[in-house]
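The values are calculated or read from the model by the stated rules, or taken from the named source; none is laboratory data. Please read all numbers here as calculations on a predicted model, not as lab measurements. Here the Cβ positions follow ideal geometry from the backbone for every residue, glycine too, while neighbour counts run over all protein chains shown.
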């Protein structure tokens, strides 16, 4: 592997801590302290992914992100202490591929880095996959014909029930399904108070496909209404 | 027993009051009436009728007539011929004054009878040529003979005697005949009187004046006529006069000759009247004393009466008072008295007082009735508040007022102005109508009258119109002011109220605009400071998170070090745990401060609260299974639709369940229930606390926990966040504690099923 990752933060201790974590996973790390350094460092073709903080001196992370996007096409993960929805949406709409809030969970961070690298380096063209009839949603690719779900290119092993649930949600991305509906469609029975049963299965699916199952990106609960597949 | 005694006392007290007051009014009224009308005051306090002025007057009159007989003249005291000889003009004038002072009643009666007799007897004299009347020669004392109340003996200068008693001169000289106690003798031009064996001083200082009691000749300024030379008259008056009757069988008719009898009767009557009234007043006084002693216990009776009278309409009361008043005013005496009181300019003060007294006492029963009506009304007003009294007019007026109040204030004011204008116009029209009538009937227009009436009328109409116009514009401004106040109250701080420069309410409007501007400034300031507060918290939270990130990262790295001594590994673990807790707290503080500043973004949508609770339970299945508590869940099958932010509300119930898991007694049951009632949904989480719950603690306040040690994992913000989030979503949150039972209740209004 040995991909080079650019870590940008005005706090050197944080840069150091992230670097140690990443190096333990076998990545090479380049460091930068502000936006301008980051823009400069990204010109190094060895850099395959950027982890960048938002609030920095000289040039803030989001502005740097815009400049980097002009020069390179590579995955950028924003790492920020701003945890509000509006901040996340802003970051993602400025061209970030992922948004991780501080204080971060090291395992989750590594998982996200790995996921982004896989998608940028190992996987084929998204549009080509779509043409093949595959359903693509962020890191996930679902083949409805073969009923195969892949996360970052790796096939996810699902039980038949889980497959049915994934099939239902993937075919209707963004649509909210009440638990009863899911139960009726998957188990082919009417049921009341099936919330627990459905939730158990959804939790298992999350553990298999989500980077952080506690804060899922894909299968989400719409509180008081049902469940849905978030479209990325 | 006791109550019976009390009610007896009350009744007795009230009856005493009633009797006493009635008696006092009626007897005082009767006495007052008598005083006001009585012309001769002398018999009022006199027990002996012979001591009255009327008696003395009558005696003087008798003497006059006897002396006339003695002098040989005609007995016709109205001719006045004799009197000129008797005493001249002075005497006649004096007599007129005396007659006026004595009044008319006793004398008129006596005179009429006497005169009738005299005329009758004088008739044969006037027709002395009539041969059919043989008894032409009649004694001049003929008509006095029958009246034995007066015995007389007249001896003329020629020695002729007239008498009506067989006793002769000796009878009078003895002065001690039974039944007769008053003796008068006229001898040698002097009058001497003996009454009850005692001589009376007749002439006083010898000059006749208004204070002299006896109108008899013999004073220095009232000399005896020469005609009376040698005339002697004796007369005696009976102690107790009797009535003597006579019948004229020739011409028909009955007469009686009893001047003294009348005087005695009137004295007797007067005495019995005053005695009776005195007795009545005495009884009344004792009644009032009794009432005064019992006045405290009569209260229930008064109350009872008030409870009866409360049903009487106010209008009826008015009429009831008016009726006895009318009895005073709508009679001739009433008018006369009122005329005397207000227009009797020449009257002295005592006469004026008498006129007042006459008016007041003219109808004593009406006076009594009037008093009791007034008392009843007073009593009623004392015990019955204004609200419970009945009136025919009141509901009508109230209805009018209620209708009036429904209109905006400017309408009300302008309606009142219109009413005023209408009244003035009617008045003007009426005046002009009467002017026209006058012109038509008199036949020619009285230009002076027209001018006098028309010009002020014109002025009045003009003034009323000007007043109404001013009032209308004031009403309009007032309406705008009221609207503006309402608008400011509703939160409109943008548009100030602009009134014209000369408006009455200009100053007030300006003040209101100032208040509005002040409120706006205060609100902006408040909003700004809230925003600053949130920004501050946001910055602080960010600044806290940056070092926290380092701490957490290095703690994690430290944990991954394999060759640490076991103690150091433990320390690293503790640092990691506490740093995580710090992270939670920082996030919670941030959220709660945003909620407190109303800056919490909420995404409201229709959702099923029951489903949300099931999802929350399912989501937290892991911790619940691990918690060792039994969850008793009672959720309705059907949807309970509310409007809220699902994620926030999930956080609320997550916190509540967390709270239960954290603080509930090991192995106890946690009750989660959702109930709908009267348009609201109530979700409650109940658990038994593992530690004693302190009383009087607001668990929803920030950083408050059941135990004060703060060593457990909670931030102390769970319930506070739950409350803030619930309220941000439009629900209400409350905590109830009963002993160790902890209940958190979330209430939301239920959406109607669509």
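Of the listed requirements (1) modelled with pLDDT under 90; (2) within 60 Å of the chain's Cα centre (by Cα), residue B:524 misses just one: (1).
Is it true that residue B:636 is within 16 Å of residue A:195 (Cα to Cα) and more than 8 Å from chain A (Cβ to nearest Cβ)? Spelling it out, residue B:636 is indeed within 16 Å of residue A:195 (Cα to Cα) and more than 8 Å from chain A (Cβ to nearest Cβ).
The helices (runs of 4 or more DSSP H) found wholly in segment B:537-642 and carrying at least 2 residues that are assigned by TED's automatic domain parsing to the domain that holds residue B:722 occupy B:609-619, B:621-627.
Candidates B:597, B:701: the one that is more than 26 Å from residue B:737 (Cα to Cα), at pLDDT below 90 and away from chain A (no Cβ under 14 Å) is B:597. Here segment A:18-38 is the region considered, the condition is being within 22 Å of residue A:62 (Cα to Cα) and within 22 Å of the chain's Cα centre (by Cα), and the residue that is nearest to the other protein chains (Cβ to nearest Cβ) is A:18.
Taking segment A:188-211 as the range and being in contact (Cβ under 8 Å) with a residue 24 or more places away in the chain and surrounded by fewer than 17 Cβ atoms within 10 Å (Cβ to Cβ) as the test, the residues that pass are A:204, A:208.
Residues in segment B:354-367: is at least one loosely packed, with under 13 Cβ neighbours inside 10 Å and not in a helix (DSSP H, G or I)? No - not one qualifying residue is present in segment B:354-367. Residues that are in contact with a helix residue (DSSP H, G or I) (Cβ under 8 Å, 6 or more places away or on another chain) and over 18 Å from residue A:80 (Cβ atoms) within segment A:4-21 comprise just one, A:20.
In the condition set (1) within 26 Å of residue B:538 (Cα to Cα); (2) more than 14 Å from chain B (Cβ to nearest Cβ); (3) surrounded by 18 or more Cβ atoms within 10 Å (Cβ to Cβ), residue A:41 is compliant with all but (1). The conditions of being over 16 Å from residue A:224 (Cα atoms), outside the structural domain of residue B:611 (by TED's automatic domain parsing) and at pLDDT below 85 are met by residue B:754.
In segment B:404-419, the qualifying residues are those that are in contact with a helix residue (DSSP H, G or I) (Cβ under 6 Å, 6 or more places away or on another chain) and in a helix (DSSP H, G or I), and the one that is farthest from residue B:467 (Cα to Cα) is B:404.
No other residue among A:76, A:7, A:47, A:54 is away from chain B (no Cβ under 14 Å), farther than 20 Å from residue A:139 by Cβ and in contact (Cβ under 8 Å) with a residue 24 or more places away in the chain apart from A:47. Applying the set (1) touching a strand residue (DSSP E or B) at 6+ places or on another chain (Cβ under 6 Å); (2) surrounded by 18 or more Cβ atoms within 10 Å (Cβ to Cβ); (3) within 11 Å of chain A (Cβ to nearest Cβ) to residue B:606 leaves exactly one unmet item: (2). Take residue A:214 and decide whether it is within 22 Å of residue A:99 (Cβ to Cβ), within 11 Å of another protein chain (Cβ to nearest Cβ) and surrounded by 15 or more Cβ atoms within 10 Å (Cβ to Cβ). Criteria not met by residue A:214.
Here is a yes/no grid of residues against (1) more than 12 Å from chain A (Cβ to nearest Cβ); (2) free of Cβ contacts under 8 Å to residues at least 40 places away in the same chain; (3) under 26 Å from residue A:104 (Cα atoms):
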site	(1), (2), (3)
B:555	no, yes, yes
B:561	no, yes, yes
B:570	yes, yes, yes
B:576	no, yes, yes
B:583	no, yes, yes
B:614	no, yes, no
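Within segment B:198-205, is even one residue within 20 Å of residue B:141 (Cα to Cα) and modelled with pLDDT under 85? No, every residue in segment B:198-205 fails to be within 20 Å of residue B:141 (Cα to Cα) and modelled with pLDDT under 85.
One residue stands out among those in segment B:196-244 that are closer than 22 Å to residue B:267 by Cα and free of Cβ contacts under 8 Å to residues at least 12 places away in the same chain: the one that is surrounded by the fewest Cβ atoms within 10 Å (Cβ to Cβ), which is B:211. Within the span defined as segment A:187-194, every residue fails to be within 14 Å of chain B (Cβ to nearest Cβ), within 19 Å of residue B:619 (Cβ to Cβ) and modelled with pLDDT of 85 or more. Looking only at segment A:98-142, residues that are modelled with pLDDT of 85 or more and either within 14 Å of chain B (Cβ to nearest Cβ) or surrounded by fewer than 19 Cβ atoms within 10 Å (Cβ to Cβ) (or both) come to 13 in all. Flag not set for residue A:207, criterion: within 24 Å of residue B:637 (Cβ to Cβ), within 14 Å of chain B (Cβ to nearest Cβ) and either in contact with a helix residue (DSSP H, G or I) (Cβ under 6 Å, 6 or more places away or on another chain) or part of a helix (DSSP H, G or I) (or both). What residue, of B:476, B:498, B:545, B:533, is more than 30 Å from residue A:81 (Cβ to Cβ) and either surrounded by 13 or more Cβ atoms within 10 Å (Cβ to Cβ) or within 14 Å of chain A (Cβ to nearest Cβ) (or both)? Only one candidate qualifies: B:476. Which residues, counting only those in segment B:639-678, are out of contact with any helix residue (DSSP H, G or I) (no Cβ under 8 Å at 6 or more places or on another chain), away from every other protein chain (no Cβ under 14 Å), surrounded by fewer than 20 Cβ atoms within 10 Å (Cβ to Cβ) and touching a residue at least 60 places away in the same chain (Cβ under 8 Å)? Within segment B:639-678, B:665, B:676 qualify.
Every condition in (1) touching a helix residue (DSSP H, G or I) at 6+ places or on another chain (Cβ under 6 Å); (2) more than 27 Å from residue B:672 (Cα to Cα) holds for residue B:578 except the one numbered (1). There is no residue in segment A:176-185 that is in contact (Cβ under 8 Å) with a residue 24 or more places away in the chain, part of a helix (DSSP H, G or I), more than 14 Å from every other protein chain (Cβ to nearest Cβ) and closer than 27 Å to residue B:622 by Cα.
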